[in-house]
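None of the figures in this text is laboratory data; all of them are computed from the coordinates on show. Given the structure is predicted, the values throughout are model-derived calculations rather than measurements. Cβ coordinates were reconstructed from backbone atoms using ideal geometry, including for glycine residues, and neighbour counts include every protein chain displayed.
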Amino acid sequence: MPTYEYECEGCRRTYEIRQRISDPPLTACRECGGPIRRLLSPAGFILKGSGFYVNDYPSESRKKAAEAEKKGSDTKEASAAPAPAPKSSESPAP
C-alpha cells in the first residue's frame, strides 16, 4: 500500500497517509478540518550505479568478455594518441 503526503491549506500541517491506489484523495484536514491537497513526493528508492542486476551481478563469461573489451579499448587509446612532433634541426635565422 503506497504512502501519500498531504498538506493542509489552513494550518499548513503535513501528513503521511497509507492509502490504496484506488482510494479517492482525502479532502479535509484531520486536525482543523480545512482543505488539504496531495503533495508530489520522490520515490522511496533510487536506482544508482553502473546498472541494475545485469551489470552488478554478472556471470563469469560476462566478466571475461568485459575484461577483454576493456583491454581492447586500452590498446586502442594508446595507439590513437598523437605522436610528438619531431624537433627541427634548423635554427632560426638571427
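Length gain on complete extension for the stretch Lys63 to Met1, per 0.36 nm per residue less the alpha carbon to alpha carbon distance?
Going from the current span to full extension adds 18.5 nm.
Summing +1 for each Lys or Arg and -1 for each Asp or Glu, what net charge is found among the other residues whose Cβ lies under 12 Å from the Cβ of Cys29? Show your work: numbers first, answer last.
Details: positive: Arg12, Arg13, Arg30, Arg37; negative: Glu7, Glu9, Glu31.
Counting the neighbours of Cys29, the net charge comes to +1.
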